[in-house]
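**Q** Pasting a structure here, questions to come.
FYI, it's all coordinate maths here, none of it is from the lab. For clarity, every value in this text was computed on a predicted model and none was experimentally measured. Cβ: placed from backbone, ideal geometry, glycine included. Neighbour counts: every protein chain shown.
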Amino acid sequence: MGYFCFDIDAEVVRAFGKEYGYATMFTPFFILMAVVIYIGVMSMKKGRIFCSHICPMHLYLELIKSKGKSTWLKRIGWGLVLSLLITQSLVAFFVPVSAQFSLLRSGSLMMSGVLGAILLLFLILFVVYKDTFCKKACPYNFMQLMLRSDRTRIMEFRNPDHTCTNCKKCDEVCPYDLQARFESHGLDCSNCNLCQDACTEELGAGNSLFHRHDPVIESET
């Protein structure tokens with residue numbers, strides 16, 4: 001929020017307190033590309049790490065499922081909070097935060113309309129579409145799935161001693177409403193480890209029936 005901004009009027013790019021002219025903006029550009037490449041490489045090895053550790057939608061899905069069942073009030077509340085933060089952050093890429101508030105105070109219909117439209121869009125995504133957007137329309141999800149191979153880490157459910165109590169806590173905590181015991185190794189799983197944590201809570205430390213399966217490491221040992 002405010003750490004990166006294209007100042008069109010001043011013809012500079014501001015990144016983490018430093019200014020770069022358009023002719024010398026290769027520094028923040030290469031940093032951004034390095035981050036994207038790093039996420040891509042890690043996705044090939046660890047799975048959908050962007051979804052499980054960075055994506056605000058995943059954070060939202062975790063929040064509405066924490067401490068009880070998901071309700072419309074909880075969905076709208078957390079959805080509004082995250083939508084406001086994301087909207088302000090996106091607009092801050094082009095209009096500094098101070099300028100945003102100045103325009104709003106002066107009654108700018110353009111700024112009010114842009115902020116309102118983006119806010120409404122994200123609120124609909126969070127409250128209405130939720131995990132459906134992640135599974136069916138998110139471009140970052142598709143990018144990571146394209147990088148997936150038979151050597152990508154998956155979450156496996158193993159119950160050789162039939163110690164599963166059928167508590168279904170793993171299903172309750174899954175952000176994508178998966179039947180974790182049967183679908184954790186599928187394409188929709190983001191390897192967030194919440195099912196593993198829930199199983200550990202039920203059966204005790206070291207007894208979880210969910211295990212991260214890393215074919216690269218196992219093939220080399």
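**Q** What relative contact order, as a whole-number percentage, does region 96-221 give when Cα pairs under 8 Å and 6 or more residues apart are counted?
**A** Answer for region 96-221 is 24 percent.
**Q** What is the gain in length, in nm to one decimal, between Leu203 and Ile31 on full extension, counting 0.36 nm per residue of separation less the C-alpha to C-alpha distance?
**A** Length gained between Leu203 and Ile31: 57.5 nm.
**Q** With θ set to phi - 60° and the Karplus curve 6.51 cos²θ - 1.76 cosθ + 1.60, what are the ³J(HN,Hα) couplings of region 44-50 in order, to the nearest whole Hz, using x for Gly and Pro?
**A** Residue by residue, region 44-50 yields 5, 8, 9, x, 7, 6, 5 Hz.
**Q** Right, another one. Expected output is a single nm value to one decimal: the length gained when fully extending between Glu172 and Ser149, i.e. 0.36 nm times separation in residues minus the C-alpha distance. What is it?
**A** Using 0.36 nm per residue and subtracting the Cα-Cα distance, I get 5.5 nm.
**Q** Could you calculate the FRET efficiency of Val41 with Ser89 from 1/(1 + (r/R0)^6), where r is the beta carbon distance between them and R0 is 35 Å, rounded to 0.05?
**A** Efficiency at R0 = 35 Å is approximately 0.85.
**Q** From the C-alpha coordinates alone, can you work out the Kirkwood hydrodynamic radius of region 151-220, in Å?
**A** That comes to 12.3 Å for region 151-220.
**Q** Pulled fully out, how much extra length does the chain show between Thr165 and Val81, if you take 0.36 nm times their separation in residues and subtract their Cα-Cα distance?
**A** That works out to 26.6 nm of additional length.
**Q** Here is a follow-up. How big is the shadow of the Cα convex hull of region 63-180, averaged over all directions, in nm²?
**A** Answer in nm², one decimal: 10.9.
**Q** Take the residue pairs Lys45/Lys135; Lys136/Lys169; Lys65/Lys168; Lys46/Lys135; Lys45/Lys65; Lys65/Lys130 and return only those whose Cα atoms are more than 22 Å apart.
**A** Lys136/Lys169; Lys45/Lys65
**Q** Now for a separate question. With a point put 7 Å past each Cα toward its Cβ, work out how far Arg158 is from Met110 in nm, to one decimal.
**A** 6.1
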